[in-house]
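Presented below is the structure to which this report refers.
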Amino acid sequence: MSTPYIPTLDLGSYIDGTEHDRKKFSDELGRAFNDSGFVTITNHGLSQELIDKLYQNIQGVFRLPADQKAKYEKPELAGQRGYTSPGKETAKGAKTADLKEFWQIGQTVVDGDPIKYEYPDNEYLEEIPGFNEVTNEVYQKLESNGKHLLRAIATYLGLPIDYFDQHVHNGNSILRGIHYFPIENPEALPDDAVRAGAHEDINLITLLIGASADGLEVLTRSNEWLPIKAHHSDIVVNVGDMLQRLTNNKLRSTTHRVVNPPRELMKTSRFSVPFFLHPRSDMDLTSLDSCVDEAHPKQYTDMTAGEYLDERLREIGLKK
């Protein structure tokens, strides 16, 4: 078994570095996405204080009584805003829903862009002072980080450095706070019930801020599950399906899962906060000409990001 290439990259060296620094960052990012499928990012501009505040607020949401959480659940929004209760999301191809509940925050358009009218308003959580301000600040910082990472990816792909800029300005990105709740009676669960079944993310790239416990596993290119240890201060970045489609599998979406804890920890919670960086719905995901040739024939039908998102939300049970 070859050891997967899992670099820890300094995002500051890309944002503030020389042309040589940026090229080195871009090359290492591309190499990692072709090997293990993910990287760890440091120097990302989120202070430990802000990360701690975020997790305190996210944990507070799920401590609320069920009836208080339920008033923020809007099934007509397909889980894209506010609260989504347990039993609603199922990994593509799985028969049993994931053992989790979550809260989602979407884009806030403030520059008069008419795309504002495509997006539902965020649910304003009243019960936890500061929740909305903290999650909005984290959203903005992760969106900014994501734009820099996409610029590095564009360079790696031989595209203009600003290729993704217009597509992700006021994009349909989501910050998701997830609670993998305690498993009180494991004997009563179906054999295939897990915290998150093996899946790939829908979006361009995902930025995950640490986690409160272990459990995340990534399927490496050698087809082995690799546990990812929880480091509360780092950001883990992986490729999503939209980028895979655009690059005709040159950059492959990373399959990952969250396994159930060992029996002695089953009655404990796990929290995590991924940021799913989505483009605007009209982005064309047709595979790039530079990624299609005789040795790599085109693998995907042409569609927009909005069409693909709609298809996937139906596949995972969030949209009827």
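Every read-out reported here was derived from the displayed coordinates using simple, explicitly stated rules and does not represent laboratory data. Nothing here was measured: the structure is a model prediction, and the numbers come from that model. Neighbour counts are summed over all protein chains in view; Cβ atoms, including those assigned to glycine, are modelled from backbone coordinates with ideal geometry.
Side notes on the structure shown:
- Crossing angle, helix 305-315 versus the chain [Cα axis fit, 0-90 degrees, rounded to tens]: 40 degrees
- Extension gain, Arg221 back to Thr108 (0.36 nm per residue minus Cα-Cα distance, nm): 37.0 nm
- Label-zone membership for region 132-159, site Asp165, 7 angstrom Cα→C-beta point, backbone N under 20 Å: 140-159
- Here's the picture: a label point sits 7 Å out from the Cα of Leu189 along the beta-carbon direction, and within region 211-255 the residues with their amide nitrogen under 20 Å of it are 211-219, 225-230.
- FRET efficiency estimate (nearest 0.05) - Cβ-Cβ, Asp10 to Asn34, R0 30 angstrom: 0.90
- Computed E for Thr96/Glu264 - FRET, C-beta separation, R0 22 angstrom, nearest 0.05: 0.40
- If you take the Cα centroid of region 1-73 and the Cα centroid of region 256-295, the two points sit 13 Å apart.
- Each residue, Glu133 and Ser233, gets one label point 7 Å from its Cα in the Cβ direction; the gap between the two is 2.5 nm.
- In a fully extended conformation the segment linking Lys24 and Thr301 would gain 96.4 nm over its present Cα-Cα distance, using 0.36 nm per residue.
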